[in-house]
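The values are calculated or read from the model by the stated rules, or taken from the named source; none is laboratory data. Being a predicted model, the structure only gives us computed values, none of them experimental. Please note: Cβ atoms are built from the backbone with ideal geometry, for glycine as well, and neighbour counts cover all protein chains shown. What goes into the accessible areas is simple: the full protein's heavy atoms, side chains included, and nothing from ligands, DNA or RNA. Shrake-Rupley method; radii C 1.70, N 1.55, O 1.52, S 1.80 Å.
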Amino acid sequence: VRSSPAVPPVPPTNMGNKPPQAPKLPTWLGGPPSGKQQRLDNASKTGVYTVQDKNLSSFPNAALEIEALRFLKIENCSLQKLPGSIAKRSETLQRLELNKNKLVSLPVEFGALLALQKVDLSNNLLEALPDCWASFPKLKELFVSNNKLQGLPASLGLAGALQLLDASSNKIASLPDALGDLANLQDLDVSQNLLVALPASLASLKRIKRINLAHNGITEGGVPSGLLTETPVDHIRLEGNPMGSLKDTAGFEEYDKRNEKLALKNIDQRVRTGDLSQGLGTAEQFKAMRQ
């Protein structure tokens with residue numbers, strides 16, 4: 001019996017009907033730029049350099065060569081050190097956001113960044129802040145929450161433009177008297193620390209509106225009466241403290257009127273914006289809004 005001749009295998013067809021893709025060329029042969037290079041190219045045009053959720057072995061020093069760099073954000077990148085060369089951008093850098101990293105300290109050259117308006121160092125491992133805050137005449141917002149700070153430097157009182165200070169979730173046992181010199185401060189968050197009292201100097205905060213003291217060790221008399229009588233503060237959070245209420249503090253009636261006015265303003269805002277998904281609330285909810 002004669003066997004049939006072997007049939008040659010049929011080459012696989014292009015099931016997806018897609019043309020074969022040419023191999024990617026390296027950048028030096030005209031290929032597309034890498035993600036790192038693309039980031040630098042964009043930053044050169046916009047002055048904004050951002051990198052997030054990367055495991056950086058070192059600081060991206062190339063970003064500091066961008067002469068017009070005004071916004072530098074390195075978030076959640078395991079960054080352990082800020083180089084002294086950051087001073088190269090002393091006249092241009094306005095926003096520095098280094099949250100969710102592993103910074104233990106800041107270099108002396110940090111104080112050379114004279115143009116800073118916002119600094120976010122939250123969620124790091126900082127044990128102390130440098131005593132250089134008089135160098136930042138334009139600084140408006142400072143975030144240093146969730147670190148290991150045991151105190152705040154007195155020179156913070158010299159950051160005269162500061163409007164918001166968030167030092168929550170640290171190990172701060174006392175605040176410097178110099179904070180009372182922050183004439184433009186409106187928001188102060190020192191919740192979840194080890195505070196037992198506030199300095200009387202805070203009665204000099206002429207623009208303060210909101211203070212968060214929740215979850216500290218504030219005891220009776222720990223909130224100076226001048227804070228209620230001499231400032232426009234209208235919202236103080238005290239939950240989680242031995243001192244659970246301000247009712248026995250001199251000036252409470254004045255503060256309470258401002259607080260009630262704030263709560264009514266919030267309700268009015270909800271009415272005007274149509275945010276009535278949960279109704280206007282009960283008397284108990286209104287009371288809770290004023291806490």
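Points to keep in mind about this one:
- Average accessible surface for the range 114-202: 38 Å² per residue, computed with a 1.4 Å probe over protein heavy atoms with every protein chain in place.
- The slack in the chain from Val48 to Val108, taken as 0.36 nm per residue of separation less the alpha-carbon distance, amounts to 19.2 nm.
- Relative contact order computed over the range 95-228 (Cα-Cα under 8 Å; 6+ residues apart), in percent: 17 percent
- Under the Karplus curve 6.51 cos²θ - 1.76 cosθ + 1.60, θ = phi - 60°, whole-Hz ³J(HN,Hα) for the range 167-175, x wherever Gly or Pro sits: 10, 5, 6, 10, 10, 7, 9, 7, 10
- Scoring 226-232, 237-243 by mean Cβ neighbours within 10 Å over their residues and listing the highest first yields 226-232, 237-243.
- Kirkwood Rh and Cα Rg combined as Rg over Rh, evaluated for the range 61-146: 0.92
- The apolar share of the surface of the range 61-175, taken as the fraction of accessible area on carbon and sulfur atoms (1.4 Å probe, ligands and nucleic acids excluded), comes to 45 percent.
- Computed over the range 42-97, Kirkwood Rh from alpha-carbon pairs, angstrom: 11.4 Å
- Phi angles across the range 243-253 convert, under the Karplus curve 6.51 cos²θ - 1.76 cosθ + 1.60 with θ = phi - 60°, into 3J(HN,Hα) values of 8, x, 8, 9, 4, 8, 8, 4, x, 4, 4 Hz, Gly and Pro given as x.
- The figure for Val271 is an accessible area of roughly 70 square angstrom, using a 1.4 Å probe on the protein chains alone.
- The range 131-242 - Rg and Dmax from Cα coordinates, angstrom: 12.7, 38
- Radius of gyration, Dmax [the range 125-180; alpha carbons; angstrom]: 10.6, 28
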